[in-house]
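The values are calculated or read from the model by the stated rules, or taken from the named source; none is laboratory data. Please read all numbers here as calculations on a predicted model, not as lab measurements. Ideal geometry is used to build each Cβ from the backbone, glycine not excepted, and the neighbour counts take in all protein chains shown. Keep in mind that these areas ignore ligands, DNA and RNA; they rest on the heavy atoms of the full protein, side chains included. Shrake-Rupley method; radii C 1.70, N 1.55, O 1.52, S 1.80 Å.
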Amino acid sequence: KKTDERINVLFLGIGGGSHDGPLLTDTVIYASIDPKLQKVTLISIPRDLWVPDLKAKINTAYAFGEKERKDGGLLLTEKVVEKILNQPVDYVLRIDFNGFIKAIDMVGGVDVNVERSFEDLEYPISGKETDTCGFELEEFEKRATASAIFEAFPCRYEHISFQEGLQHMGGEKALKFVRSRHAKGTEGSDFARARRQDVIIKAFKDKVFS
């Protein structure tokens, strides 16, 4: 819409495809655009935020809505966020992992300043979510009940790391950067992950308008 008023866009990130919980929105970002000042405020909403009306976490809203009817997920999540922030939502944008990779690659990748080095030993490999890693039935069942699935089925995960400083990232690498959840230290928190998502969004914006 053309207006001098603020324009508020809700960004939802889902796994899609064969990923675990493909309709869970583990990324929920509220972007408020001020056309007059040409500024954008990004607010990342923690995926584990409890929503009393849903009796569940906010990252389930989209899945609940889609279960009721097609595109119901967009409408339900929009209403939930509007109530939480007490602010209107004008547009909703949903993107899955493949769409994210394509968007980054379409602009030739992005230049990102990694704030601090980190490594993640438990980054999930796409398509191997249910891989038996060669274990037979009895051993597989035993390992399936283990508390540390990463150690029980190591073939499902890869070791990723990022070094502090400026670096160029293509779609695949950028996805790992924003999706990593099990890094050692402070980068292993959802708040750190939200900051990395903001960094990628800003880098993408800078590349598009360069």
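If a residue has to be more than 22 Å from G170 (Cβ to Cβ) and either free of Cβ contacts under 8 Å to residues at least 24 places away in the same chain or open to solvent by 50 Å² or more (accessible area, probe 1.4 Å) (or both) to count, how many in the stretch 88-108 make the cut?
Summing the residues that are more than 22 Å from G170 (Cβ to Cβ) and either free of Cβ contacts under 8 Å to residues at least 24 places away in the same chain or open to solvent by 50 Å² or more (accessible area, probe 1.4 Å) (or both) in the stretch 88-108 gives 4.
Taking the stretch 114-137 as the search range and keeping residues that are outside any strand (DSSP E or B) and of a type in the set (D, E), which one is nearest to H168 (Cα to Cα)? Steps first, answer last, please.
Filtering the stretch 114-137 for residues outside any strand (DSSP E or B) gives 115-117, 125-137.
From what's left, of a type in the set (D, E): 115, 129, 131, 136.
Working: E115: 14, E129: 28, D131: 32, E136: 42 Å.
Ranking the qualifying residues of the stretch 114-137, first place goes to E115.
Here are T186, T130: which of them is at pLDDT below 95, open to solvent by 60 Å² or more (accessible area, probe 1.4 Å) and out of contact with any strand residue (DSSP E or B) (no Cβ under 9 Å at 6 or more places or on another chain)?
T130
Return the residues of the stretch 133-148 that are at positive phi, open to solvent by less than 50 Å² (accessible area, probe 1.4 Å) and out of contact with any helix residue (DSSP H, G or I) (no Cβ under 6 Å at 6 or more places or on another chain); say none if nothing qualifies.
The answer is none; no residue qualifies.
Hey, could you check the stretch 161-185 for residues that are out of contact with any Phe, Trp or Tyr (no Cβ under 8 Å at 6 or more places or on another chain) and assigned to a strand (DSSP E or B) and say which is nearest to I95 (Cα to Cα)?
H168
Being over 28 Å from Y157 (Cβ atoms), in contact with a strand residue (DSSP E or B) (Cβ under 9 Å, 6 or more places away or on another chain) and at pLDDT 90 or above is true for just one of R6, R47, R94. Which residue is that?
Going through R6, R47, R94 in turn, just one is over 28 Å from Y157 (Cβ atoms), in contact with a strand residue (DSSP E or B) (Cβ under 9 Å, 6 or more places away or on another chain) and at pLDDT 90 or above: R6.
Can you find even one residue in the stretch 21-37 that is open to solvent by 20 Å² or more (accessible area, probe 1.4 Å), touching a Lys or Arg at 6+ places or on another chain (Cβ under 9 Å) and modelled with pLDDT of 95 or more?
no
Can you say whether L54 is more than 29 Å from I125 (Cα to Cα) and open to solvent by less than 60 Å² (accessible area, probe 1.4 Å), as far as the supplied structure shows?
yes
Looking at the structure I just gave you, is E158 charged (D, E, K, R), assigned to a strand (DSSP E or B) and under 16 Å from D120 (Cα atoms)?
Values: charged (D, E, K, R): yes; assigned to a strand (DSSP E or B): yes; under 16 Å from D120 (Cα atoms): yes.
For E158, the condition - charged (D, E, K, R), assigned to a strand (DSSP E or B) and under 16 Å from D120 (Cα atoms) - is met.
Scan the stretch 149-166 for residues that are in contact (Cβ under 8 Å) with a residue 40 or more places away in the chain and surrounded by 15 or more Cβ atoms within 10 Å (Cβ to Cβ) and jot them down.
Across the stretch 149-166, the qualifying residues are I160, F162.
Kindly evaluate I160 against the criterion of being closer than 30 Å to I33 by Cα, modelled with pLDDT of 90 or more and not acidic (D, E).
Judged against the criteria, I160 is not a match.
So D111 ticks every box in (1) surrounded by 15 or more Cβ atoms within 10 Å (Cβ to Cβ); (2) assigned to a strand (DSSP E or B) but one. Which box is left unticked?
(1)
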